[in-house]
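What follows is a set of notes on a single structure, which appears directly below.
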Ligand code: ADP
Ligand code: MG
């Protein structure tokens, strides 16, 4: 997917200025940058939780959007089905057990049968190492387990891209490690991922591509290797990395 010349303001506060970026399929793209720089707004624009006021979005060969125009319901549905979102605070349905959390959208949006949706959900729970939690309620899980359920729930829609906004920043290091392990496995399987994170060690391990955002602009867009390599570093990136480590 691609954003071209995208601008987004909240009232008089312009938070994204002429954003141009490309997020390749089959790779891991990591967005990094200081708090308040616009990372979440970029991610939320990618699945239209926010609509920028101008610019273009080329999602895939089927869907191109001009942000200055009203969005059709059909386009919004296509986009939502093809971008799974994982939030910092999991956002599980608290009154549904884990299996029902994962099967709700496949059954009601994709119209899968209960049996088919449950068969897929059980495979995905095994994949995120939670095969024994199908009947549990969200508040019976640790944060790390809840976040892995949220990842399984996103995968159940079989979206083209999964977008994760600081998926581990609410977690203790031990629980964070369980989640990062699942994400590394998905990366190995060439699942397209877009991850906002402050964990630079993880970013370095997983990113095919890094996008560094500051004050609503992109200061770096390129391979993870070059981002972390000392000799290629822009002074601002050097300062950011040393402030984080
Ligand atoms: P980041 O994720 O990099 O911390 P955000 O994208 O959340 O940054 O925020 C970028 C800027 O936009 C911040 O100044 C923030 O206060 C502002 N902002 C984000 N969401 C809203 C909103 N819904 N209403 C008003 N201002 C917002
Ligand atoms: Mg954010």
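With contacts defined as alpha carbon pairs under 8 Å and 6 or more residues apart, what's the relative contact order of the chain in percent?
Contact order relative to length: 27 percent.
Expressed as a rounded percentage, what relative contact order does the range 62-164 have, with Cα pairs under 8 Å and six or more residues apart?
42 percent
Kirkwood Rh, Cα Rg: Rg to Rh for the chain?
Reported Rg/Rh (Cα atoms, Kirkwood Rh): 0.97.
Which angle between 0 and 90 degrees, to the nearest 10, do you get for helix 235-244 versus the longest principal axis of the chain when only C-alpha atoms count?
40 degrees
Tilt of helix 173-188 relative to the longest C-alpha principal axis of the chain, in degrees (0 to 90, nearest 10)?
The angle comes out at about 90 degrees.
With only alpha-carbon pairs counted, each pair once and no self-pairs, how large is the Kirkwood hydrodynamic radius of the range 138-195 in angstroms? If you can, show how the numbers build up before the last one.
Values: mean 1/r = 0.0854 Å⁻¹.
After inverting the mean inverse Cα-Cα distance, the result is 11.7 Å.
Need one word for the range 166-216: rounded, prolate or oblate. Basis is the Cα gyration tensor (sqrt eigenvalues a ≥ b ≥ c); a/c below 1.5 gives rounded, then a/b vs b/c decides. Mind dumping the intermediate values first?
Values: a/c = 2.11, a/b = 1.15, b/c = 1.84.
Oblate.
Size of the range 4-111 along its principal axes in angstrom, Cα-based, largest extent first?
42, 33, 31
Counting only DSSP beta bridges with both residues in the chain, what percent are antiparallel, rounded to the nearest 5?
The answer is about 55 percent antiparallel.
Under 8 Å for C-alpha pairs, at least 6 residues apart: give me the relative contact order for the range 1-108, rounded to a whole percent.
Relative contact order, the range 1-108: 23 percent.
Hey, what angle do you get for helix 114-127 against the long axis of the chain, alpha-carbon based, 0 to 90 degrees rounded to 10?
60 degrees
Report, please, the projected area of the range 98-150 averaged over directions, based on the convex hull of its C-alpha atoms, in nm².
3.3 nm²
Just so you know, all these numbers are worked out from the coordinates, no wet-lab data involved. None of the values given here were measured: they were computed from a predicted structure.
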